[in-house]
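Read the figures in this text as sums done on the coordinates, not as results from a lab. As the structure is a prediction and not an experimental result, all values here were calculated from the model. In this analysis, Cβ positions are derived from the backbone assuming ideal geometry, glycine residues included, and neighbour counts consider all displayed protein chains.
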Amino acid sequence: MSRLAKPPDRDVLAKISNAIEVIEQHFQWQGFPSKGTAEEDEIDTDNSDKDYDLDDSEEGSDVFDAEEIEIAIDAFLSQLIKNEIVKKGKGNRAPSMESVFNQMFGEDHEVAKMVEEFEEHVAGYFGWISFDDMKKAYSQLMTIKEILAKMVDGTNE
């Protein structure tokens, strides 16, 4: 069992919380609500008013391209690197989101566990993520953001 790490200071927490907005914006672009959690708010999955060029095989399917969320996660990690919160690892590669949170909070911290679950939901299957997994991932992300906000405010140490 790993010990809990001392959480980062409030300035670092605020930068992490701000960087998470990059991932949140991706979900919003996909039709998820901008406030609340995915389970509390109705999600706009009606694409009938949007001009998409869909094959018959894709129309009506509730799947998302895993590569798109990976790009949003990479942008999040790039912001952390730019703000000197984390460093690139071997081969000049960014660390995983999960490893960043495990290192900062400890593997047993609730935020680190939620990030692990988030990454499991967005891992996808053959490059695609189901609607249910995206909904769960978005809910996890919003909860992580809420916890970080409370830690920044000093109400959740």
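Can you give the FRET efficiency for residue 113 and residue 146, using 1/(1 + (r/R0)^6), R0 = 22 Å, r = Cβ-Cβ distance, to the nearest 0.05?
0.90
May I ask you to compute the full-extension gain from residue 11 to residue 130, defined as 0.36 nm times their residue separation minus their alpha-carbon distance, rounded to one decimal in nm?
On the way: separation 119, 0.36 × 119 = 42.84 nm, distance 3.53 nm.
Here the segment from residue 11 to residue 130 would lengthen by 39.3 nm.
What are the ³J(HN,Hα) couplings of the range 128-141, residue after residue, when phi is run through the Karplus curve with 6.51, -1.76, 1.60 and θ = phi - 60°? Round to Hz, x for glycine and proline.
10, 10, 6, 4, 4, 5, 5, 5, 5, 4, 5, 4, 4, 4
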